[in-house]
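The values are calculated or read from the model by the stated rules, or taken from the named source; none is laboratory data. Keep in mind that this is a model prediction, so the values were computed, not measured. FYI the Cβ positions are ideal-geometry reconstructions off the backbone, even for glycines, and counts take in every protein chain you see.
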Amino acid sequence: MKCFAFTMAEILLSLTIIGVVAALTLPSLTGNINERTWNTQRKALYARFSQALPLMPALNGYGTLTEETDSNGSKVVTEDNAAETFITSGLSKVMKINNICDSDHLFDCGVNSSLITLGGSSSLTAKTLKTFNSLFGLNSSNQFDSISLIDTKAAAFETQNGESIIVYYNPRCVGSLQETPWGGRGGYYVANKVCANFVYDLNGTKGPNTVGKDIGFITVMYPSDIKVVAPVPMTNPSSGTYARDVASKACTDLDSDYRLPNSEEGISMFVNKNLLAGSNVIFNGIYWTSSKTSTGSNWVISSLGELDDYSSADLKVWCVKR
């Protein structure tokens, strides 16, 4: 009777092949698992914010904010605990919060100051509203373009679920979208519509500290008719331009998981442009949104933070997933 078996050489060859295949596929499998985990965490965090914030009576007016005019005629904030009070007296009443950090100790709440933006650059050192997004400092004599110049200090907190979050807060945010006749169209800058902007890290100081993965943003607009959005922009936005009627299809053609942002998501992307910018990604130009005006045209958002309405033009698209 003959017995058949594998030789040692054959066994070693088989193990080598298995090892090579595992080495090639394991990083991809691990990456996919991480992506699904972050996506689940992000959606859960967004759901908690969406449920909690409308329970607050209003989003503006928290804290003490004192402005004085210096010898050069510029306004200087001399007393400011607005963002910290927004957390302690507002958010903590509707959300479970573990630890709160003032602007001098932001990173004690687990947020990593070093991060990778969509464009590849890294840093998160802004400790005030205007330094986070310099376009909040724009000013105009046109009443329709007025922008809040308040430079409130940021604050941070940790949730019971382990997320670390920085808050950039505007205590004088104003109401919802108003279509204002301006050169035959409705338009205005959007900065003073934003009440709070949250930059979150889903796992604290652990890696990869990358926007679109464990790091993202949630933007809250309008003090009473509250809108909460948390768009995840496409890493490589299309470089082309599209007519209004095909702009939405352009997003789904690029990736079926993505779609055209609505007007509030467009505002959120503008506010967080510093988390998107880099050598190969920049918020520049005019972008379609999916939101309609009362006249049937579409709201568009510009890289200057201007919301306007267009019905016929070839404009850019920066697609998002929700």
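Within the stretch 305-319, can one find any residue that is touching a Leu at 6+ places or on another chain (Cβ under 8 Å) and over 16 Å from Tyr189 (Cβ atoms)?
Scanning the stretch 305-319, I find at least one residue that is touching a Leu at 6+ places or on another chain (Cβ under 8 Å) and over 16 Å from Tyr189 (Cβ atoms), so the answer is yes.
Residues of the stretch 229-282 being over 16 Å from Asn298 (Cα atoms) and either small (Gly, Ala, Ser) or touching a His at 6+ places or on another chain (Cβ under 9 Å) (or both), which ones?
Within the stretch 229-282, Ala230, Ser238, Ser239, Gly240, Ser256, Ser268, Ala277, Gly278, Ser279 qualify.
Could you check, for the stretch 204-215, whether at least one of its residues is surrounded by 23 or more Cβ atoms within 10 Å (Cβ to Cβ), in contact with an Asp or Glu (Cβ under 9 Å, 6 or more places away or on another chain), at pLDDT 90 or above and not in a helix (DSSP H, G or I)?
So far as the stretch 204-215 goes, yes, one or more of its residues are surrounded by 23 or more Cβ atoms within 10 Å (Cβ to Cβ), in contact with an Asp or Glu (Cβ under 9 Å, 6 or more places away or on another chain), at pLDDT 90 or above and not in a helix (DSSP H, G or I).
Can you list the strands (runs of 3 or more DSSP E) lying wholly within the stretch 246-322 that have 1 or more residues being among the β-branched types (Val, Ile, Thr)?
286-292, 298-302
Taking the condition part of a loop (DSSP other than H, G, I, E, B), without any contact (Cβ under 8 Å) to a residue 24 or more places away in the chain and either closer than 21 Å to Val220 by Cα or in contact with a helix residue (DSSP H, G or I) (Cβ under 9 Å, 6 or more places away or on another chain) (or both), does Ser71 pass?
Criteria not met by Ser71.
For the subset of the stretch 135-152 comprising residues that are under 18 Å from Val76 (Cβ atoms) and in contact with a helix residue (DSSP H, G or I) (Cβ under 8 Å, 6 or more places away or on another chain), which member is modelled with the highest pLDDT?
Here the answer is Thr152.
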